[in-house]
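> Input: one structure, supplied below.
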Amino acid sequence: MAANGHKNLTDINRHNPKGFENAVNDTVLSKSIGTGATNTDGNLVWQKKALMGVTNYKIQGYSAAGTLNYAYGKDIAVITAPYLMDVDYGSTSVDTAIAPSNLFRIGQGYIVSEIAEVISISGWVTSNAGTDVTVAICKATPSAGVDTDITPILIDEITVTGLSSNSKLIRVNETAITTSALASGDILFAMVKEATAGSAIYLNLTIQTTTF
């Protein structure tokens, strides 16, 4: 009888896992969160593969007076780091090189831990003016022992229109990413600019990545 066990059947006689036929393509079989104290009473679920190995990077900051040029976060040695974003990038577009040491010390910059892909950028922005505010999510790829300036790569650029109040939140939910690929060791950071300078801008975003 044991020889007829499921583990001993040949491929053509084995059945697919529960729910396989109706599962959406590019999903994997997982187990849902249960309610029992032993964490064993969850149900089988087919989960999107893109959600496996997900990492979330939180970027939060503010500009006390928005500028026409992009600005990025303070050096970690400055008391207003990591949140104040008032270091002048010197350009209205992502095309200017920055010293690797400056990139490395951006207060709200993050080091990417693995080869990955940006799949979404979500969160909120506020502005106490009614002009356009643009957030650039960028990456930079330094090389060990090399101090040559690096031109960041634009991952995505998001423009919203301020609601003339920092009490009114503007939703960001971006899934059409311009340049999604990330390498292990990349520096991930944000910059912000304003169409008409001077307003107070706050941003609180989550950048979600998944492994290839």
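The values are calculated or read from the model by the stated rules, or taken from the named source; none is laboratory data. Because the structure is predicted, anything quoted here is derived from the model rather than measured. So basically every Cβ, Gly included, is an ideal-geometry build from the backbone, and we count neighbours across all protein chains shown.
> Assess whether ALA183 counts as being more than 22 Å from ASP86 (Cβ to Cβ), of a type in the set (A, V, I, L, M, F, W, C) and out of contact with any Cys (no Cβ under 6 Å at 6 or more places or on another chain).
Details: more than 22 Å from ASP86 (Cβ to Cβ): yes; of a type in the set (A, V, I, L, M, F, W, C): yes; out of contact with any Cys (no Cβ under 6 Å at 6 or more places or on another chain): yes.
Taking the combined requirement at face value, the residue satisfies it.
> Still on this structure: For ALA176, are the conditions met, namely being aliphatic (A, V, I, L, M), out of contact with any Pro (no Cβ under 6 Å at 6 or more places or on another chain), farther than 30 Å from LYS48 by Cα and assigned to a loop (DSSP other than H, G, I, E, B)? Break it down into steps so the answer makes sense when it comes.
Details: aliphatic (A, V, I, L, M): yes; out of contact with any Pro (no Cβ under 6 Å at 6 or more places or on another chain): yes; farther than 30 Å from LYS48 by Cα: no; assigned to a loop (DSSP other than H, G, I, E, B): yes.
Answer is no for this residue.
> For segment 123-141, which positions are within 20 Å of SER113 (Cα to Cα) and crowded, with 18+ Cβ neighbours inside 10 Å? Before you say what the answer is, go through the steps one by one.
Restricting attention to segment 123-141, the residues satisfying the condition of being within 20 Å of SER113 (Cα to Cα) are 137-141.
Correct list: ILE137, CYS138, LYS139, ALA140.
> Across segment 91-116, what is the total count of residues that are assigned to a helix (DSSP H, G or I) and under 12 Å from CYS138 (Cβ atoms)?
At the first step, the residues of segment 91-116 found to be assigned to a helix (DSSP H, G or I) are 100-104.
Now restrict to residues that are under 12 Å from CYS138 (Cβ atoms): 103.
Result for segment 91-116: 1.
Yes or no, residue by residue, for (1) of a type in the set (A, V, I, L, M, F, W, C); (2) at pLDDT 95 or above; (3) outside any strand (DSSP E or B):
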position: ILE119; (1), (2), (3): yes, no, no
position: GLY123; (1), (2), (3): no, yes, no
position: ALA129; (1), (2), (3): yes, yes, yes
position: VAL135; (1), (2), (3): yes, yes, no
position: LEU154; (1), (2), (3): yes, yes, no
position: SER167; (1), (2), (3): no, yes, no
position: ILE170; (1), (2), (3): yes, yes, no
position: PHE189; (1), (2), (3): yes, yes, no
position: VAL192; (1), (2), (3): yes, yes, no
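> Looking at GLY61, GLY19, can you tell me which residue is at pLDDT 90 or above and touching a Leu at 6+ places or on another chain (Cβ under 7 Å)?
Working: GLY19 fails: at pLDDT 90 or above.
Only one candidate passes the filter, namely GLY61.
> Report every pair of residues separated by at least 6 positions or lying on different chains whose Cβ atoms are under 6 Å apart, first residue within segment 100-114 and among the basic types (Lys, Arg), second part of a loop (DSSP other than H, G, I, E, B).
Filtered contacts from segment 100-114: ARG105/ILE76.
> Which residues, taken from segment 57-76, are closer than 16 Å to THR92 by Cα and among the aromatic types (Phe, Trp, Tyr)?
Listed by number, the residues that qualify are TYR70, TYR72.
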